[in-house]
Amino acid sequence: GSVGINVTDFTTLFGVVPDLRVGSRSGVNNPGVIDILRKDGVVVAGDIAGVLQFSVDDDNNYAVAQIETESATTSGTGNSGGGILKFKTTPATSGGTPTERLRIDETGNVGIGTTNPQSKLQVNGAVQVANDTATASASKVGALRYRTSGNNSYVDMCMQTDASTYAWVNIVQNSW
């Protein structure tokens, strides 16, 4: 049941050496894995480990998006890798090089419009929020919402107001 292209080790179900392995690890809780493997000696921080690219070419337009992984650490340092995950897109008006739009770094920080996020979520640009009609609760603490009513618009934040009570607290109101 294994398929191989240039493969002599059939421990995976499908293999293309040295770039791609598809298979299932032993055990009930180990699902099939697509493994893009870079195995070329010492890997240093900043090396691209693998790229999954999506392309369309209709002889007139070429659009591409990529999911790219980068090594955050150098191999042989005792670290188990440390990876950075990047999501890249190309503008619809050109078939140029994909540009990074979102990054998840090795610490779990997420950056949108920045390649060096310093918080769990860092956005370089405006963030748009909409009305949240859910009741204020412990699970909503810290949430922001924008809403309108009549000739007024509001920005509210869900906050804890006592030991076990919560409320949407108005930050700013604008009337027109």
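Considering region 42-52, and only residues there that are open to solvent by less than 60 Å² (accessible area, probe 1.4 Å) and not in a strand (DSSP E or B), the residue that is modelled with the lowest pLDDT turns out to be V43.
Here V56 meets the list (1) exposed (fewer than 15 other Cβ atoms within 10 Å of the Cβ); (2) modelled with pLDDT of 90 or more; (3) among the aliphatic types (A, V, I, L, M) almost entirely, failing just condition (2).
When region 82-100 is filtered for residues that are open to solvent by 70 Å² or more (accessible area, probe 1.4 Å) and polar (S, T, N, Q), the ones remaining, listed by number, are T93, T97. Regarding R103, is this residue in a strand (DSSP E or B), basic (K, R), open to solvent by less than 80 Å² (accessible area, probe 1.4 Å) and farther than 30 Å from Q53 by Cβ? No. Counting only strands (runs of 3 or more DSSP E) that sit completely within region 111-176, those holding 2 or more residues that are among the charged types (D, E, K, R) and open to solvent by less than 70 Å² (accessible area, probe 1.4 Å) correspond to 144-149.
The values are calculated or read from the model by the stated rules, or taken from the named source; none is laboratory data. Quick caveat, the model's predicted, so the values are computed rather than measured. Cβ: placed from backbone, ideal geometry, glycine included. Neighbour counts: every protein chain shown. For the accessible areas, the whole protein counts, side chains as well, though only heavy atoms, and no ligand, DNA or RNA atoms are used. Shrake-Rupley method; radii C 1.70, N 1.55, O 1.52, S 1.80 Å.
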